[in-house]
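Can you keep this structure in mind? I'll have questions shortly.
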Amino acid sequence: MAKSEYGTVGLLCVSALVFTAALFHCVLGGNDGSDGVSYDGRSLIVNGEHKLLFSGSIHYPRSTPDMWPSLIAKAKEGGIDVIQTYVFWNLHEPHQGRYEFSGRRDVVKFVKEIQAQGLYACLRIGPFIEAEWNYGGLPFWLHDVPEIVYRSDNEPFKFYMQNFTTKIVNLMKSEGLYASQGGPIILSQIENEYTLVEAAFREKGPPYVRWAADMAVSLQTGVPWSMCKQNDAPDPMINTCNGMRCGETFLGPNSPNKPSMWTENWTSFYQTYGGEPYIRSAEEIAFHVALFIAAKNGTYVNYYMYHGGTNFGRSTSAFMITGYYDQAPLDEYGLIREPKWGHLKELHAAIKLCSKPLLTGTKSNFSLGKSLEAIVFKTESGECAAFLVNKGATDTNVLFQGVTYELPLSSISILPDCKNVAFNTRRVSVQYNTRSMKTVQKFDSSEEWQEFKESIPSFNETDLRANELLEHTGTTKDSSDYLWYTLRVEADSPDSQQTLKVDSLAHAMHAFVNGLYAGSAHGTYKEKGFSLENNITLRNGINNISLLSVMVGLPDSGAFLERRIAGLRRVRIQDEDFSAQPWGYKVGLSGEQSQIFLDNGSSNVQWSRLGDSSQPLTWYKTQFDAPPGDDPIALNLGSMGKGAVWVNGWGIGRYWVSFLTPTGEPSQKWYNVPRSFLKPTENLLVILEEETGSPVGISLDSVSISKTCGQVSESHYPLVASWMSAKKQRASRTKNKSRRPKVRLSCPTNKNISKILFASFGTPSGDCQSYAVGICHSPNSRAIVEHACLGKAKCVIPISNRNFRGDPCPFVTKTLLVDAQCT
């Protein structure tokens, strides 16, 4: 017997032998699963129907409410069935007991939009979420709760965790949003990758896991709960996999009555300041999804992220850039990124053609040679689907059921009828596209800008005092990135040359002596601690040392977050240790306290005309009109150093352009400005520059898809949509023309193909990024492509000798590569 949130239910044994083990059916809700959500060892069961589901993570606060309908619609068009999101505790309860659910925080509106578009939702409540989000989603006020230990068998933490979880569940219930109420939410999650820290809590870890599971189940949502990356998840929690290769690494469900689920398939990876973007190809993602479905009996795959979005304001965790998972199928601005979006859409369609054998059939494995395998699913009625797997590093031919199939290296071919290939993970038959930034406004006139120089506080201008170096975050309470440490030092000779040495566990620091800049230093994502050692000049008498400690987000992972130390740890001048001397402290900058990034606050300080030279800690402001059109827009901050930016009071995010990657480029130069933040005219742009960047180099750029490219060979498979029509033709024994490969090009809405940049039918070299005519080339290539495509929003070019009026190279497999401009 197993205890569920709905009472004691039996495990019903199914007599058929499936997946080489008995299939169990766990009924949730005290009914037969026809009016809600349950699960068994095969899949989730929604309203009595087994489901094969593809899910995409879209985080509501990382975009704006006006973007949500488009993002969800594009996900649906891409073959996504479920939208998965975390719930962000510190966003909704920034102050203890005071909840906020408006604007980008409106999780109810987001879930209702999912429902309106006919998709399901997965709510990952956590409430610890990590997610490269500030403090892992925990509100910082927890830090000051006496005797609290986060994420352990600790009564204070469990009390507040249960309060918030209950708040969110009751909010969803009040709006009728659980599937058991007719809503879209079919799955929830409690905790997040706890296995990674459980051992650190020793005897306090396992009881916490059991408590979290029991607490979640007791809330009676009517839908299953999961624990990701938690192999010992207690019943009825479903343990799930996170990572890039769950088809290889997942140990499987910890009970035969639980389905195999992948809650985080990373489509890219987070990026830190100083780090390069991680590019994960569409082919690799598709391979591992198909492998998980076939090898691990997977029936739920979630892409993390499907749309990453933007870490607005101060929401990102330590050292993370403002853009999030820009390489996802939908980029930071919500634009479709090809071929990732299209190739995965084709994958979803091909796997859905196999739904009945996958969900009701018996699985068999056959070796086809070294690193070669056929995984076959067959129903009692004879329906069959096969996955031909090549894990090797070379292309090969395999013999399966008496037929020879070409199988590219590191690929899987999907045969929905065990005879004909509908899709191969390595053969990309969809288009590629190129995103471009076009300047629509320059801020290159010094007359446009005004500046306000941040005051450098001295010891006498501080109210908070201590005879020690205070911990940074415990002092600021995360109300600001900035904490001033001030010290008085007496020198007995004029222009005394001294060496200032500072050790810090913050992220950056700026030093000032008697109000004058004296140097900066910073850490990195991997090496948090850093030191500054600079020569300074002290005047005769009292000198003011002002050290600005800077955080770039709070940590989001690891055990005992409440014990983390940040800020200055040791200060020496000419080898004399001043760490235990009287220090004065000031939280935040005066510009922050005056809120000069708002219209009202901006008028409360005295701005001046832009000076001839830049100095650290300077605020800049200007105004601009909203550019015409509806393309996304971004600020190009390539001329700046480090700081933060606001538009009409909205925090666009932190920037750190001066922190270069190993290749000498900024980790991020363009910063998303959602159009919903703008007014038609007189938009207020305010920038805090910590270093010496120049605002006259800033521009406002439109973001659009400017090029589309296709590269398809005679050996490629056509789009999966043609498979069904081809199946009908095979049944009627008519000639199958729809299954011929084609290059398909399309431009975004309101744009047409204006120019063919390259066209070659033959053996073109290179790819859509860099190409050239090869040894074999049809002279008719450009003319035929231009006739088919110019002036059109989309076009299709069949790959055949007849279409190109002759065979340019007989007995050679030919490719058509076309690159086109969209205007």
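The values are calculated or read from the model by the stated rules, or taken from the named source; none is laboratory data. Because the structure is predicted, anything quoted here is derived from the model rather than measured. Cβ: placed from backbone, ideal geometry, glycine included. Neighbour counts: every protein chain shown. Note: accessible area is taken over every heavy atom of the protein model, side chains too, but ligands, DNA and RNA are not part of it. Shrake-Rupley method; radii C 1.70, N 1.55, O 1.52, S 1.80 Å.
When only Cα pairs under 8 Å and 6 or more residues apart are kept, what is the percent relative contact order across the chain?
Values: 2044 pairs, mean separation 88.6, N = 823.
It comes to 11 percent, rounded to a whole number.
Measuring from the lowest to the highest alpha carbon on each principal axis, how far does region 310-355 reach, largest first, in angstroms?
Principal-axis extents of region 310-355 (Cα, largest first): 45, 19, 13 Å.
If you stretched the chain out fully between Lys477 and Arg98, how much longer would it get, using 0.36 nm times the residue separation minus the C-alpha to C-alpha distance?
Contour length minus Cα-Cα distance gives 134.8 nm.
Moving on to the next point. Return the equivalent ellipsoid semi-axes of region 117-213 as a descending list in whole Å, where each equals the square root of 5 times an eigenvalue of the C-alpha gyration tensor.
Numbers: eigenvalues 145, 42, 34 Å².
They are 27, 14, 13 Å, listed largest first.
Still on this model: Considering the options Gly529, Met640, Ser760, tell which one lies farthest towards the positive end of the dipole of the chain, charges being +1 on Lys and Arg and -1 on Asp and Glu at the Cβ, about the Cα centre.
With unit charges placed on the Cβ atoms, the residue in question is Ser760.
Could you compute how fast the chain diffuses translationally, taking Rh as the Kirkwood radius over C-alpha pairs and applying Stokes-Einstein at 20 °C with viscosity 1.002 mPa s? Give it in µm² per second.
Values: Rh = 29.3 Å.
The estimated diffusion coefficient comes to 73 µm²/s.
For region 740-822, what is the number of Lys pairs with C-alpha distance below 20 angstrom, counting only pairs 8 or more positions apart or on separate chains? Write out the running numbers ahead of the final one.
Values: Lys742/Lys755; Lys742/Lys792; Lys742/Lys794; Lys742/Lys814; Lys751/Lys792; Lys751/Lys794; Lys755/Lys792; Lys755/Lys794.
Going through region 740-822 pair by pair, I get 8.
Here is a follow-up. Given a 1.4 Å probe and every protein chain left where it sits, what share in percent of the accessible area of the chain is carbon and sulfur?
Details: 15520 of 31930 Å².
Within the chain, the accessible surface is 49 percent carbon and sulfur.
If you don't mind, another one. Determine the dipole magnitude for region 456-588: charges of +1 sit on the beta-carbon of Lys and Arg, -1 on that of Asp and Glu, nothing else is charged, the reference point is the Cα centre, and the result goes in debye to the nearest 20.
220 debye
Taking Lys112 as the anchor, which aspartates and glutamates have their alpha carbon closer than 20 Å to its alpha carbon, excluding any fewer than eight residues away along the same chain?
Straight-line reach from Lys112, under 20 Å: Asp35, Asp66, Glu77, Asp81, Glu100, Glu175.
Here's another thing I want to ask about it. For region 740-822, state the semi-axes of the equivalent ellipsoid (square roots of 5 times the eigenvalues of the alpha-carbon gyration tensor), sorted largest first and rounded to whole angstrom. Numbers along the way, then the final one.
On the way: eigenvalues 97, 37, 21 Å².
With the √(5λ) rule applied to region 740-822, the semi-axes are 22, 14, 10 Å.
Greater than 28 Å separation of Cα atoms is the criterion. Which listed pairs, Lys340/Lys438; Lys586/Lys669; Lys679/Lys707, meet it? Please list the in-between numbers first.
Numbers: Lys340/Lys438 24 Å; Lys586/Lys669 31 Å; Lys679/Lys707 30 Å.
Check vs 28 Å cut-off fails for Lys586/Lys669; Lys679/Lys707.
Can you return the aspartates and glutamates within cross-link range of Lys442? Criterion is Cα-Cα under 13 Å, with same-chain partners fewer than 8 residues away left out.
Asp625, Asp701
Counting Lys +1, Arg +1, Asp -1, Glu -1, what net charge surrounds Tyr135 among other residues with beta carbon under 9 Å of its beta carbon?
Working: positive: none; negative: Asp478, Asp556.
Net charge in that neighbourhood comes out at -2.
How much of the DSSP beta bridge set in the chain is antiparallel, as a percent to the nearest 5? List each step's numbers first, then the result.
Details: 159 of 192 bridges.
Beta bridges within the chain, antiparallel portion: roughly 85 percent.
List the residues whose amide H sits under 5 Å from the amide H of Tyr325, counting only those 5 or more places along or on another chain, with H placed 1.01 Å from N in the peptide plane.
Answer set, sorted by chain and number: Gln271.
Using only the Cα atoms, work out Rg/Rh for region 361-427, with Rh taken as the Kirkwood radius, to two decimals. Don't skip to the end; give the middle numbers.
Working: Rg = 11.3 Å, Rh = 11.8 Å.
With Rh from the inverse mean 1/r over Cα pairs, Rg/Rh is 0.96.
Between 0 and 90 degrees, rounded to the nearest ten: what's the tilt of helix 340-352 against the longest Cα principal axis of the chain?
It works out to around 40 degrees.
What is the calculated FRET efficiency for Asn163 to Arg563, with r their C-beta to C-beta distance and R₀ = 25 Å, to the nearest 0.05? Please report the intermediate quantities before stating the final value.
Values: r = 23 Å, r/R0 = 0.91.
Rounded to the nearest 0.05, the efficiency is 0.65.
Something else now. Counting other Cβ atoms within 10 Å, which trypsin sites (Lys or Arg not before Pro) in region 198-233 have at most 15 and lie in a DSSP loop? Don't jump to the answer; show the numbers that get you there.
Numbers: sites: Arg202, Lys204, Arg210, Lys229; in loops: Lys229.
Of the trypsin sites (Lys or Arg not before Pro), not one in the loops of region 198-233 has a Cβ with at most 15 other Cβ atoms within 10 Å.
Using only alpha-carbon positions, what ratio does the radius of gyration of region 37-350 give when scaled by 2.2 N^0.38 Å?
0.93
Next question. So which trypsin sites (Lys or Arg not before Pro) in region 446-535 end up in coil per DSSP with only 14 or fewer other C-beta atoms within 10 Å? Provide the component values of the computation, followed by the final result.
Working: sites: Lys453, Arg465, Lys477, Arg488, Lys501, Lys526, Lys528; in loops: Lys477, Lys526, Lys528.
For trypsin sites (Lys or Arg not before Pro) across region 446-535 that sit outside H, G, I, E and B with at most 14 neighbouring Cβ atoms in 10 Å, the list reads Lys477, Lys526.
What is region 566-686's relative contact order, in percent, from Cα pairs under 8 angstrom and six or more apart in sequence?
On the way: 155 pairs, mean separation 31.8, N = 121.
It comes to 26 percent, rounded to a whole number.
Next question, about the same structure. Please state the relative contact order of region 37-350 as a whole percent: Cα pairs under 8 Å, 6+ residues apart? Can you show the working numbers first?
On the way: 640 pairs, mean separation 65.5, N = 314.
Averaging sequence separation for qualifying contacts and normalising by length gives 21 percent for region 37-350.
Could you pull out every residue, at least 5 positions away or on a different chain, whose amide H is within less than 5 Å of the one on Ser579? Hs are placed 1.01 Å off N in the peptide plane, and Pro or chain starts have none.
Residues meeting the amide H criterion: Val571.
About the Cα centre, and with charges only on the beta carbon of Lys, Arg (+1) and Asp, Glu (-1), how big is the dipole of the chain? Nearest 20 debye, please. Display every interim value, and only then the final one.
Details: 80 positive and 81 negative charges, 820 e Å.
Charge dipole, the chain, about its Cα centre: 3940 debye, nearest 20.
Over the chain, average the accessible area per residue using a 1.4 Å probe and give it in Å², no decimals.
Numbers: 31930 Å² over 823 residues.
Value returned for the chain: 39 Å² of accessible area per residue.
Counting just the Cα atoms, what span does region 500-561 cover along each of its three principal axes? Round to the nearest Å and put the largest first.
48, 16, 15
Now for a separate question. If I model a spin label as a point 7 Å beyond the Cα along the Cα-Cβ vector, how far apart are those points for Lys792 and Ala466 in nm?
7.0 nm
Please give the helix 107-116 orientation as an angle from the longest Cα principal axis of the chain, in degrees from 0 to 90, rounded to the nearest 10.
Compared with the principal axis, the helix lies near 20 degrees.
List the lysines whose Cα sits under 27 Å from the Cα of Lys363, skipping any in the same chain fewer than 8 residues away.
Cross-link targets: Lys51, Lys229, Lys258, Lys296, Lys345, Lys352, Lys378, Lys391, Lys419, Lys727, Lys728.
Now, a different point. For region 523-674, evaluate the Debye formula with one uniform point scatterer on each Cα (no solvent term) and list log10 I(q)/I(0) at q = 0.10, 0.18, 0.19 Å⁻¹, rounded to two decimals.
Debye curve over Cα of region 523-674, log10 I(q)/I(0) at q = 0.10, 0.18, 0.19 Å⁻¹: -0.55, -1.45, -1.49.
Taking only Cα atoms, what is the 0 to 90° angle, nearest 10, from helix 282-295's long axis to the longest principal axis of the chain?
60 degrees
Something else about it: What does the extension gain come out to for Tyr517 and Ser579, with contour length at 0.36 nm per residue minus their alpha carbon separation? Write out the running numbers ahead of the final one.
Working: separation 62, 0.36 × 62 = 22.32 nm, distance 2.09 nm.
This chain segment gains 20.2 nm when fully extended.
Report the Cα-based extents of region 456-588 along its three principal axes, largest first, to the nearest Å.
Principal-axis extents of region 456-588 (Cα, largest first): 49, 30, 22 Å.
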